[in-house]
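Read through the structure below, which is laid out as structure tokens, and then see the notes.
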Amino acid sequence: MNTISLMFGLVILTVTASILAPMTASGRLKRNTTVGIKTRHTLSSDEAWLAAHHHAAPTLKMTAWIGWILLAIAAVLCFMQKFPWALTVTAAGFCLSLLLLLVAGFRSNKIAKQYPSS
């Protein structure tokens, strides 16, 4: 896998987190089966969905900020022709973003378990 492929992967994760963070914080992301943190517990009721996603919003926002910062650093490193360093920064950003999204999902599912099914 080359640097550009990893960068596009990080861009996709970062854009997704950037779009979802404000939607989840404000409650605009209604329960659906297409976008969001979809587990048996988060989909069990509207209250569980909203609480879980509201709880995930800060982690999503942090994921977005970290992603944009690391993408900018990696881009500068590419312009400086420091490709091994750019790959390292991009790979670290990709792994960190995945980890943060998984943490948000697990924590949100734990919150959603507290709500009864509808």
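Every read-out reported here was derived from the displayed coordinates using simple, explicitly stated rules and does not represent laboratory data. Everything numeric here is computed off the predicted structure, so don't read it as measured data. Backbone-built Cβ (ideal geometry, glycine too); neighbour counts: all protein chains shown.
Relative contact order for region 1-114 using alpha-carbon pairs under 8 Å, separation at least 6, rounded to a whole percent?
Over region 1-114, the number comes to 38 percent.
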Roughly how many nanometres apart are two label points built 7 Å out from the Cα toward the Cβ at Ile69 and Leu98? 2.2 nm
State the extension gain, in nm to one decimal, for the chain segment bounded by Phe83 and Thr33, taking 0.36 nm per residue of separation less the distance between their alpha-carbons. 14.1 nm
Under 16 Å Cα-Cα from Lys30, which lysines qualify once same-chain neighbours fewer than 8 residues away are excluded? Lys38
Sort Leu60, Leu13 so that the residue with the fewest other Cβ atoms within 10 Å of its own Cβ comes first and the one with the most comes last. Leu13, Leu60
For the chain, just run the numbers: alpha carbon Rg, then divide by 2.2 N^0.38 Å, N being how many residues it has. 1.20
Under the rule that an exposed site lies in a DSSP loop and has at most 12 other Cβ atoms within 10 Å, name the longest stretch of the chain with no trypsin sites (Lys or Arg not before Pro) of that kind, not counting the sites themselves. 41-118
